[in-house]
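J.: One structure, pasted below without further comment.
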Amino acid sequence: SGGLAGELKGVRLLVVEDNAVNLEIAVEMLSGLMGAAVDTARNGEEGCTRFLDAPEDTYDVILMDLQMPVMDGYDAAARIRRMKDEKKASIPIIAMTANAFAEDRQKAISMGMNDHVAKPIDMNVLLPVIAKYIR
């Protein structure tokens, strides 16, 4: 369609996803097609570290898989929300999950995530969700 091309130009995303194929597809769509600047992490621990170490305002939104080894997305989100730096701690976090059940959604929201999209990721669904959180 090409209608979405460049829609996220200038937007900086951190994508936390343990599945290499899913990660590659997400990066291809978000950066290749949509023009976003994308950094990646392979589990919640790595995602938290990358975010904690990054300068203020490095990222606009975090896309967080829920089921991951080492540290899952729920714990990672909770850890980010507890950061001393309140501005950083309030970054929008969008959960990505293969389980589109209401309980998962509720748990994601209760753990401090802002929103929730089902996998496999559909850009027509994800784009408007990201758009809500970027100013």
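The values are calculated or read from the model by the stated rules, or taken from the named source; none is laboratory data. It should be emphasised that the depicted structure is a prediction, and the values quoted were computed from it without experimental measurement. Every residue, glycine as well, gets a Cβ built from its backbone with ideal geometry; the counts of neighbours run over all protein chains shown. Ligands, DNA and RNA are stripped out before the accessible areas are found, and what is left, the full protein with its side chains, is counted by its heavy atoms. Shrake-Rupley method; radii C 1.70, N 1.55, O 1.52, S 1.80 Å.
J.: Could you list, in sequence order, all residues of the range 98-114 that are charged (D, E, K, R) and in contact (Cβ under 8 Å) with a residue 24 or more places away in the chain?
T.: The answer is D104, K107.
J.: Also, quick follow-up: Would you point out which residue out of V117, V129, V70 is free of Cβ contacts under 8 Å to residues at least 60 places away in the same chain, of a type in the set (V, I, T) and open to solvent by 70 Å² or more (accessible area, probe 1.4 Å)?
T.: V70
J.: Only one of D39, D60 is of a type in the set (D, E), at pLDDT 95 or above and open to solvent by less than 50 Å² (accessible area, probe 1.4 Å); which?
T.: Result of the check over D39, D60: D60.
J.: Also, I was wondering about something else. From the set of residues in the range 99-114 that are open to solvent by less than 50 Å² (accessible area, probe 1.4 Å) and in a loop (DSSP other than H, G, I, E, B), which is farthest from D60 (Cα to Cα)?
T.: The extreme case among them is G112.
J.: Moving on to the next point. From the set of residues in the range 26-58 that are aliphatic (A, V, I, L, M), assigned to a helix (DSSP H, G or I) and under 30 Å from D85 (Cα atoms), which is farthest from the chain's Cα centre (by Cα)?
T.: The qualifying residue farthest from the chain's Cα centre (by Cα) is L52.
J.: Sticking with this structure for a sec: Quick check on this structure: which one of L8, L23 is open to solvent by less than 10 Å² (accessible area, probe 1.4 Å) and either under 18 Å from D122 (Cβ atoms) or part of a loop (DSSP other than H, G, I, E, B) (or both)?
T.: The match here is L8.
J.: I'm trying to understand the selection: among the residues of the range 73-98, which are outside any loop (DSSP other than H, G, I, E, B), crowded, with 17+ Cβ neighbours inside 10 Å and touching a helix residue (DSSP H, G or I) at 6+ places or on another chain (Cβ under 7 Å)?
T.: Within the range 73-98, G73, Y74, A76, R79, I80, I93, I94, A95, T97 meet the criteria.
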